[in-house]
Amino acid sequence: MRIWKIESDVKGYNSLQLVNFEDDQERYFGKFESLTPLQQNWGEVQVYTIEEGELSDLPHFWGYSKAMVMSEKAKKVLESKLSSCVEFLPLQHKEGKYYVLHVLSILQAVDYESALLRKLPSGLVVGFEKYAFKPEVIDGYNIFKVFLNERVYGTETFVSDEIKEIVEENNLKGFKFIEV
């Protein structure tokens, strides 16, 4: 099974920002690297288009760089495959519905003997040069994040081949997949 890092393609596509950046950033997005569901305490979070471009089904979100935002269309296409592992938290936009994804499947999936780690001169591990995953841990997950130094490494989100294929088959726009 191949695994893909998923990102927003920013070239030529629209991107979004929080209307009430300071308040909403602290109130909602400060808790995003938690395993605790956020749906129950989620409020009305408003966003606007900060960069114009072709409408993206996965627009870049400047409000919190570690969070992915999906269009209503992308949610409908992917929800059945992702709903057991993510919360779709609504965002209010004057031109349509968007959802920020709170990924709840955070796994101890890195095979540290095969992965290449990015380290500071002090030896502190700060990221990955090359990923390697434990197949028995990621089996059955269509989307996940990983731990690094016992903390959620929220910078990157990973998806299965199945998700990539569904995105491509449904012509969803603005998705970028990088094989890891």
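The values are calculated or read from the model by the stated rules, or taken from the named source; none is laboratory data. All values derive from a computational prediction rather than experimental measurement. Here the Cβ is made from the backbone with ideal geometry for all residues, glycine too, and neighbour counts use every protein chain on show.
Within segment 133-155, the set of residues being within 16 Å of the chain's Cα centre (by Cα) and under 17 Å from Ser114 (Cβ atoms) comprises Val146, Phe147, Tyr153. Looking only at segment 123-134, count how many residues are part of a loop (DSSP other than H, G, I, E, B), surrounded by fewer than 14 Cβ atoms within 10 Å (Cβ to Cβ) and at pLDDT 95 or above. Number of matching residues: 0. Look at segment 34-51 and say how many of its residues are assigned to a loop (DSSP other than H, G, I, E, B) and in contact with a strand residue (DSSP E or B) (Cβ under 9 Å, 6 or more places away or on another chain). Adding up the residues that qualify gives 6. Of the numbered criteria (1) surrounded by fewer than 19 Cβ atoms within 10 Å (Cβ to Cβ); (2) under 12 Å from the mean Cα position of the chain (by Cα); (3) part of a strand (DSSP E or B), the one Leu117 fails is (2).
Out of everything in segment 14-33 that is within 16 Å of the chain's Cα centre (by Cα), in a helix (DSSP H, G or I) and not small (Gly, Ala, Ser), what residue ends up being farthest from Lys173 (Cα to Cα)? If we take residues in segment 14-33 being within 16 Å of the chain's Cα centre (by Cα), in a helix (DSSP H, G or I) and not small (Gly, Ala, Ser), then Lys31 is farthest from Lys173 (Cα to Cα). Every condition in (1) over 15 Å from the mean Cα position of the chain (by Cα); (2) of a type outside the set (A, V, I, L, M); (3) part of a loop (DSSP other than H, G, I, E, B); (4) more than 25 Å from Ser160 (Cα to Cα) is met by Lys11 except one, and the failing one is (4). Taken over segment 135-168, the residue count meeting the criterion of being buried (at least 16 other Cβ atoms within 10 Å of the Cβ) and either aromatic (Phe, Trp, Tyr) or in a loop (DSSP other than H, G, I, E, B) (or both) is 5. As a summary of the residue check, Tyr13 satisfies the conditions (1) at pLDDT below 95; (2) over 30 Å from Glu136 (Cβ atoms); (3) of a type outside the set (A, V, I, L, M, F, W, C) except for the one numbered (1). Looking across segment 56-78, the residues that are modelled with pLDDT of 95 or more and either farther than 17 Å from Glu7 by Cα or not in a strand (DSSP E or B) (or both) come down to Ser56, Asp57, Leu58, Pro59, Glu72, Lys73, Ala74, Lys75, Lys76, Val77, Leu78. Contact map, segment 126-141: first residue of a type in the set (Val, Ile, Thr), second residue not in a strand (DSSP E or B), Cβ cut-off under 7 Å, separation 6 or more or different chains; pairs are Val126/Leu120; Val137/Gln108; Val137/Ala109; Ile138/Ala109.
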